[in-house]
1. Hey, what number do you get for the chain at 222 nm if only DSSP H runs of n ≥ 4 count, each worth -39500 (n - 2.57), divided across all residues, to the nearest 500?
2. Please compute the per residue accessible area over the stretch 247-313 with all protein chains in place, 1.4 Å probe, rounded to a whole number of Å².
3. Quick one: with all protein chains in place, what share of the accessible area of the chain is carbon or sulfur, to the nearest percent (1.4 Å probe)?
4. At 1.4 Å probe radius, can you tell me the per residue accessible area of the stretch 51-147 in Å²?
5. Rank these residues by their accessible area, most exposed first, probe 1.4 Å: 35, 145.
6. Give me the number: length gained by fully extending residue 58 to residue 303, i.e. 0.36 nm times residue separation minus the C-alpha to C-alpha distance, one decimal in nm.
7. What nm distance separates the two modelled labels at residue 284 and residue 39, each placed 7 Å from Cα along Cα→Cβ?
8. Hand me the trypsin sites (Lys or Arg not before Pro) from the stretch 228-313 located in a DSSP loop with no more than 15 other Cβ atoms within 10 Å, in residue order please.
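The values are calculated or read from the model by the stated rules, or taken from the named source; none is laboratory data. These numbers come from a predicted model, not from an experiment. Cβ coordinates were reconstructed from backbone atoms using ideal geometry, including for glycine residues, and neighbour counts include every protein chain displayed. Surface areas here come from the heavy atoms of the whole protein model, side chains and all, with no ligands, DNA or RNA. Shrake-Rupley method; radii C 1.70, N 1.55, O 1.52, S 1.80 Å.
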Amino acid sequence: TKELGLADDLPKSRAASKVRSKSRVRNELSIDDFDVGETLGEGSYSTVLEATLRKTGKKYAIKVLDKTHLARKNKTFTVKIERLALIRLGRTHPGIISLYWTFQDEYSLYFVLDLAPNGEMQSLISRMGSLSLLSSRYYAAQIVDALEYMHSKGVIHRDLKPENLLLDASYRLKIADFGTAKILNADVETERFVGTAQYIAPELVVANESSESSDLWALGCVLYQMISGRFAFSALSEYLTLQKVKQVQYTFPEGFDNNAKDLVQKLLVREPTDRLGAGEPSSSLGMSALRSHPFFESIIWVTLWTEPAPPIV
Ligand code: ATP
């Protein structure tokens, strides 16, 4: 298990370095240092638990991965990528789940993460049917801001979707699940990855090529879904969905906000370099042009992460 290098390389907090085990002096946490609470969710290879670090009383989400299961399913790689991506991203951007520590024991790997007590945006959309224009704009802006930061660090998410957009205690957004990310200029091979049909960009379907712009496509799909409550691209089978993606074949429901429609149309563009946000920083297709799109006119970018989230109505 040492080869996973899952311990010792994250900056340790004072709390962590002061913890002593009964049997040996150590400077690393273990699951015994936490009061484990309810199960927050289950992934294919993981269980996520709410847990309180006894020493500080601070709550976290701990992702527990079963080593045998990971090895049997050849998923050790995914865990490595997730850890590397989260370390690369640091703990500086409010829109990205922070990784505090990783540790392991004989059976499991543990990721100690920011707790997002309000769950997935997918559940919110399912519960509400769709989101208000105010909320959709707010969350789309938070995605834009987090994506710009993520891409500046050389991380492409590749599986942006409402299941991976978590909501913190104040209903602000946190992007999670970096297991299938592409990390640029890292000493790791990028796995072939096909994403999720409803959000996957045409270049991934056609040529398995992904770039920062593939995340902008997904943003277009997520914005469409927040406003309308349905997928932009969906059909009876995955194959048929992918056909629609390749042909950029989708329609807007009646009453879809005009500015939002214009923005979605500028994101759901077949050619990756032609998407709004994908161009050179100061060009007409750059990130600042994306932020200046009329749909975001009422967004005050400097207070985006401090102002209260719009009410969920
Ligand atoms: P899969 O591996 O099948 O794609 P997944 O990526 O959703 O599943 P996890 O990332 O392990 O798997 O998450 C499992 C569940 O736990 C998710 O559905 C999510 O709702 C919840 N969860 C994950 N991280 C957090 C967190 N930091 N705070 C709160 N809940 C979380």
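1. Numbers: 10 runs with 100 residues, N = 313.
For the chain, the value works out to -9500 deg cm²/dmol.
2. Numbers: 3890 Å² over 67 residues.
Normalised by residue count, the accessible surface of the stretch 247-313 is 58 Å².
3. Numbers: 7310 of 14920 Å².
Exposed carbon and sulfur together represent 49 percent of the surface.
4. Numbers: 3840 Å² over 97 residues.
That works out to 40 Å² per residue.
5. Working: 35 75, 145 25 Å².
The residues order as 35, 145, largest area first.
6. Numbers: separation 245, 0.36 × 245 = 88.20 nm, distance 2.55 nm.
Result for the pair: 85.7 nm of gain on full extension.
7. The answer from the label model is 5.4 nm.
8. Values: sites: 230, 244, 246, 261, 266, 270, 275, 291; in loops: 230, 270, 275.
Passing sites in the stretch 228-313 are 230, 270.
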